[in-house]
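The structure appears right after this line, and notes come after that.
The values are calculated or read from the model by the stated rules, or taken from the named source; none is laboratory data. Quick caveat, the model's predicted, so the values are computed rather than measured. Cβ atoms come from the backbone with ideal geometry, glycine included; neighbour counts cover every protein chain shown.
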Amino acid sequence: MRTRVAVVGVGHLGRHHARILSTLPDVELVGVADRDLGRATAITAQYGGVADRDASAFLDRVDAAVVAVPTEAHLEVAAPFLERGISVLVEKPLAASLAEADLIIGAARRSGATLGVGHTERHNPAVTAARLLIDRPRFIEAHRLGTFPERSLDIDVVFDVMIHDLDVVASLVGTEVVSLEAVGVAVLTKRIDIANVRLRFANGCIANLTASRISRDRVRKIRFFQADAYISIDYASQEVEQYCLSREPDGRPVIGGGRVAVDHQEPLKLEIEDFLLATRSGEPPLVTGADGRRALALAAEITARMATET
């Protein structure tokens with residue numbers, strides 16, 4: 001049986017959801033909804049399905065929905081689907097506030113619908129390969145730098161950009177954040193455009209994360225330092241390197257390692273396939289509502305700390 005899916009919001013990211021869904025076996029792209037009907041119509045002309053301005057047009061017609069509207073509308077769009085038991089993949093961040101995130105999670109829990117959150121980097125094949133190598137890191141350094149965008153200016157760079165690394169780091173460290181220091185600057189907008197945060201976890205690990213949407217170059221890299229080993233990930237090129245310390249029979253230290261094999265694939269496609277599998281099987285997706293809330297709560301704490309220090 002084919003899984004019937006609708007995409008709500010076909011701007012920068014939603015159009016790629018529609019593209020991928022239109023190519024998957026056992027999936028029917030029923031249609032797309034967007035307040036700009038012309039944009040919705042253009043997408044359906046290319047990928048199939050029907051176009052509508054209102055997401056409610058698909059409530060009785062689909063098994064699952066992708067919500068890729070602006071963050072402030074996530075609750076309004078996602079809740080009606082979830083309340084009817086329709087699975088929903090919500091783009092990150094999960095919601096505009098923790099209170100709204102709890103309402104989304106609650107709606108999914110009551111109906112039993114699958115709720116996934118679009119933290120795409122968790123599906124990046126480089127992260128998947130590196131996860132097997134990372135064991136109790138002591139220090140983590142991440143840089144996520146981009147040029148000035150024409151979208152997502154309704155939220156701070158922490159919620160738009162840094163939240164990817166917050167989710168990845170939290171999932172790999174596996175313990176709670178016990179303290180943080182943060183600084184952010186609004187350079188070109190009224191929102192924070194560049195930010196740095198230093199996180200200390202309960203197990204002693206420290207993570208230093210920098211995110212910017214006003215840089216000249218695009219950089220998406222993260223490095224892990226642990227006992228006798230160093231692992232680096234380039235998200236964009238999907239490259240992983242590992243260097244380890246070993247010893248010769250006579251006790252001399254030797255550094256070895258290099259490029260790690262990575263099965264290159266489109267992370268968004270892997271994310272969608274994981275969500276659809278969870279929808280069909282009833283098993284949790286890789287990134288659950290609880291995971292999305294955790295990243296949102298950390299981002300909110302960071303921006304609150306920035307506000308008190310400006």
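Residues in region 1-10 that are surrounded by 16 or more Cβ atoms within 10 Å (Cβ to Cβ), assigned to a loop (DSSP other than H, G, I, E, B) and not β-branched (Val, Ile, Thr): 9 only. Those strands (runs of 3 or more DSSP E) of region 189-236 in which 3 or more residues are in contact with a His (Cβ under 9 Å, 6 or more places away or on another chain) and under 20 Å from residue 147 (Cα atoms) occupy 206-212, 219-226. Look at region 112-143 and say how many of its residues are outside any helix (DSSP H, G or I) and acidic (Asp, Glu). Qualifying residue count, region 112-143: 2. Being of a type in the set (A, V, I, L, M) and surrounded by 13 or more Cβ atoms within 10 Å (Cβ to Cβ) is the filter; apply it to region 237-271 and report the residue that is nearest to residue 146 (Cα to Cα). Here the residue is 268. Before we move on, is residue 240 assigned to a strand (DSSP E or B), over 21 Å from residue 129 (Cα atoms) and of a type outside the set (S, T, N, Q)? In short, no. What residue, among those in region 110-121 that are in contact with a helix residue (DSSP H, G or I) (Cβ under 8 Å, 6 or more places away or on another chain) and farther than 19 Å from residue 168 by Cα, is surrounded by the fewest Cβ atoms within 10 Å (Cβ to Cβ)? Filtering region 110-121 for residues that are in contact with a helix residue (DSSP H, G or I) (Cβ under 8 Å, 6 or more places away or on another chain) and farther than 19 Å from residue 168 by Cα, the one surrounded by the fewest Cβ atoms within 10 Å (Cβ to Cβ) comes out as 110. Taking region 169-184 as the range and being in contact with a strand residue (DSSP E or B) (Cβ under 7 Å, 6 or more places away or on another chain) and not in a loop (DSSP other than H, G, I, E, B) as the test, the residues that pass are 169, 173, 177, 178, 179, 180, 181, 182, 183, 184.
Right, residue 19: of a type in the set (Lys, Arg), under 20 Å from residue 279 (Cβ atoms) and assigned to a loop (DSSP other than H, G, I, E, B) or not? Considered against the rule, which asks whether it is of a type in the set (Lys, Arg), under 20 Å from residue 279 (Cβ atoms) and assigned to a loop (DSSP other than H, G, I, E, B), residue 19 comes out as no. Being under 19 Å from the mean Cα position of the chain (by Cα), among the polar types (S, T, N, Q) and at pLDDT 95 or above: is that true of residue 208 here? Judged against the criteria, residue 208 is a match. A search for C-beta distances below 7 Å between a residue of region 149-163 that is at pLDDT below 90 and any residue that is of a type outside the set (Asp, Glu) and assigned to a helix (DSSP H, G or I), counting only pairs 6+ apart in sequence or on different chains, returns 154/71; 155/71; 156/303. For region 86-110, the set of residues classified as within 15 Å of residue 65 (Cα to Cα), in a helix (DSSP H, G or I) and over 18 Å from the mean Cα position of the chain (by Cα) consists of 107, 108, listed by residue number. If we keep just the residues of region 12-45 that are in contact (Cβ under 8 Å) with a residue 24 or more places away in the chain and surrounded by fewer than 15 Cβ atoms within 10 Å (Cβ to Cβ), which is farthest from residue 270 (Cα to Cα)? This residue is 12.
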